[in-house]
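Let me begin by presenting the structure, written as structure tokens, before commenting on it.
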Amino acid sequence: MHDFRLIRQNPAPQRYGRLRVQSDDLSPAAWLTVDGPQPAAMGTVASVSAPGFAAYARILHPARLDGRPVRWSAVAAAMGTRVTPVVRWHEVIGADPDDANRSDQGLPGVWDEAPDEGPTPPAVARALLPVLGRHTGTAQACWFGLWSGYGRWDWDGFPTFGTPGRDEVLLAGRLADAVSPVSLDEYAELPDLWWPRDRAWCLGGDVDLASTYVGGSPELIADLLAAPDLEAHPVRPDARVG
């Protein structure tokens, strides 16, 4: 029997972009773990972001046409469907959830690439930064969680904290550094979880999702819904994710 990894992995860095990888104290993430004070049902908005916030928003990852972002609402208008707070991409394009081929075909003049699944895409993250920064007093001291299962890096030597369905490596840095991992590699995944030290909000994504979820104050959620570069919808914490 051969003992080797199926995927060649790079040694995990001490710094993930400008974010510091935490190798000892994981207590800042204790409130988010499956054993935390407010566990959330797996597959719900609160399980991807964090439970206990007054309001939540779903940020849709855009489709693309010739490399330019395309809103789900534009695709829905062309397809004769509609976007709701809990709609899934295959429902927008009128496809069977297992019909990957149709999703890849696109619609001429409307979209030619499906939304990215996984953590927040860098362009969406950059649009989120100023909004999130306005709603915390600790933008210079934030925490981040990165799923240890992304195949690019070997995180076996680092401790992880468990969220519903995932084991996360803990990172620390400024909110402005959230997009810095792309300096390592343009395809490097951004952290799945972001939260400031004052816990004014929590952002969550997942490898299987084409959306990012944010829990926070009603004022923050209203700000996200009004942001011109984001396609956002209010959503309940117990709603299904997609």
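Looking for whichever is under 23 Å from Val179 (Cα atoms), acidic (Asp, Glu) and not in a helix (DSSP H, G or I) here; the options are Asp238, Asp229. Which one fits?
Values: Asp238 fails: under 23 Å from Val179 (Cα atoms).
Of Asp238, Asp229, the one residue that is under 23 Å from Val179 (Cα atoms), acidic (Asp, Glu) and not in a helix (DSSP H, G or I) is Asp229.
Would you be able to say whether some residue in the range 103-125 is of a type outside the set (Ser, Thr, Tyr), assigned to a helix (DSSP H, G or I), open to solvent by 40 Å² or more (accessible area, probe 1.4 Å) and over 25 Å from Pro234 (Cα atoms)?
Checked against the condition, which is being of a type outside the set (Ser, Thr, Tyr), assigned to a helix (DSSP H, G or I), open to solvent by 40 Å² or more (accessible area, probe 1.4 Å) and over 25 Å from Pro234 (Cα atoms), the range 103-125 yields at least one hit.
Just a yes or no: is a residue in the range 50-63 within 21 Å of the chain's Cα centre (by Cα), buried (at least 22 other Cβ atoms within 10 Å of the Cβ) and at pLDDT below 95?
yes
Could you pull out the residue among Leu132, Leu128, Leu171, Leu190 that is open to solvent by less than 20 Å² (accessible area, probe 1.4 Å), of a type in the set (A, V, I, L, M, F, W, C) and over 21 Å from Pro115 (Cβ atoms)? Quick ask: steps written out before the conclusion?
Numbers: Leu132 fails: over 21 Å from Pro115 (Cβ atoms); Leu128 fails: over 21 Å from Pro115 (Cβ atoms); Leu190 fails: over 21 Å from Pro115 (Cβ atoms).
Of the residues listed, the single one that is open to solvent by less than 20 Å² (accessible area, probe 1.4 Å), of a type in the set (A, V, I, L, M, F, W, C) and over 21 Å from Pro115 (Cβ atoms) is Leu171.
Looking at the range 135-157, is at least one residue at pLDDT 95 or above, farther than 30 Å from Pro13 by Cβ and among the small types (Gly, Ala, Ser)?
No; the residues of the range 135-157 include none that is at pLDDT 95 or above, farther than 30 Å from Pro13 by Cβ and among the small types (Gly, Ala, Ser).
Return the only residue of Ala100, Ala95, Ala123 being at pLDDT 95 or above and not charged (D, E, K, R). Write out each step before concluding.
Details: Ala100 fails: at pLDDT 95 or above; Ala95 fails: at pLDDT 95 or above.
Going through Ala100, Ala95, Ala123 in turn, just one is at pLDDT 95 or above and not charged (D, E, K, R): Ala123.
The values are calculated or read from the model by the stated rules, or taken from the named source; none is laboratory data. Given the structure is predicted, the values throughout are model-derived calculations rather than measurements. Note that each Cβ is placed from the backbone with ideal geometry, even for glycine, and that neighbours are counted across all protein chains shown. The accessibility values were calculated without ligands, DNA or RNA, using every heavy atom of the protein model including side chains. Shrake-Rupley method; radii C 1.70, N 1.55, O 1.52, S 1.80 Å.
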